[in-house]
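Everything on this sheet refers to the single structure shown next.
Just so you know, all these numbers are worked out from the coordinates, no wet-lab data involved. Fair warning: this is a prediction, and the values are worked out from it, not measured in the lab. Note: ideal-geometry Cβ built from the backbone for every residue, glycine included; neighbour counts use all protein chains shown.
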Amino acid sequence: MRVVSLVPSLTEAVAATLPGVLVGATDWCSHPADLDVVRVGGTKNPKVDRIVALAPDLVVANEEENRAPDLDALRAAGIEVLVTEVRSLPQAFTELTRVLAACGAAGPPRWLEEAEAAWSRLPEPARRRTAVVPVWRRPWMVLGRDTFAGDVLARLGVDHLYADHDERYPRVPLQELRAAAPDLVVLPDEPYRFTADDGPEAFPHLPCALVSGRHLTWYGPSLVRAPRVLGAALRAAHG
């Protein structure tokens, strides 16, 4: 198989399971750190001609991260495209199994079994907390309805306040976010790179949890450690 991945999560998953199968990946595919493949541009602006030149048997993509016109152009060039939809943890496990099988895996890899086990063993939270979860600023945007990250947080005892919003990533003025009075603010380091010096100052009277965006939003080998990594960051926000 020759596979091109247009999704960082899937790049890591395929590389960890089937070394040598990937021939191309996006500029944003940062894991594994030693990945040595042709870079084909960004998730939103892949270089279709470069992908076609690699003559892949399969391109793996995602309905949220990649644009339909780019995927249509690849199909028009005669390339098979597998598009995933991941809006919950169970859906992530199902889609990962489907992608890896399409790439040639004989069965679920050990890391995927470990990830499912790690999430199935989660204890019931002592108490549930509310949160707002910005994913961008200038303008401020937060997690809304039907998101993978929102489902991950809910399983860790954190209910984000815009889960029933009409939009998946609504723009919400900062004053409204503050007035919502959540128990905490969850600030991931991607897609916007919130840091200790860039983000918490906007919420001076609220606890802020700086969390790993890879463990919050990626579905792949990072899911094995995600419950532990995210749980520690969320607990630290409340001391």
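At a Förster radius of 30 Å, what calculated FRET efficiency corresponds to the Cβ-Cβ distance of Arg98 and Asp159, to the nearest 0.05?
After rounding to 0.05, the efficiency reads 0.55.
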Q: Please provide three numbers in whole Å: the alpha-carbon extents of the range 3-108 along the principal axes, with the largest listed first.
A: 32, 28, 23
Q: Enter the angle in degrees (range 0 to 90, nearest 10) between the Cα long axis of helix 8-17 and the first principal axis of the Cα atoms of the chain, meaning the one along which they spread out most.
A: 60
**Q.** Summed side-chain charge close to Pro170 - residues other than Pro170 whose Cβ falls under 14 Å, Lys, Arg +1, Asp, Glu -1
**A.** -1
**Q.** Between 0 and 90°, nearest 10: helix 110-120 axis offset from the chain longest Cα axis
**A.** 20
**Q.** Cα lying deepest toward the dipole's positive end in the chain, options Leu71, Ala131, Ser120, charges on Cβ
**A.** Ala131
**Q.** Option label - volume of the Cα convex hull per residue in Å³ computed here, alternatives (i) 173; (ii) 124; (iii) 115
**A.** (ii)
Q) Relative contact order of the range 179-227: what whole-number percent is it, with Cα pairs under 8 angstrom and at least 6 residues apart? A) 39
(Q) At a 10 angstrom cut-off on C-beta neighbours, averaged per residue, how do the peptides 158-164, 136-142, 55-61 rank from highest to lowest? (A) 55-61, 158-164, 136-142
Q.
Between helix 89-102 and the chain, what is the angle of the helix's C-alpha long axis to the longest principal axis, kept within 0 to 90° and rounded to the nearest 10?
A. 10
Q | DSSP-defined antiparallel bridges as percent of all bridges, the range 129-237, nearest 5 | A | 30
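With contacts defined as alpha carbon pairs under 8 Å and 6 or more residues apart, what's the relative contact order of the range 3-108 in percent?
27
Give me the dipole magnitude in Debye, nearest 20, for the chain about the Cα centre, with unit charges on the beta carbon: positive for Lys and Arg, negative for Asp and Glu.
Numbers: 26 positive and 31 negative charges, 75 e Å.
I would put it at about 360 debye.
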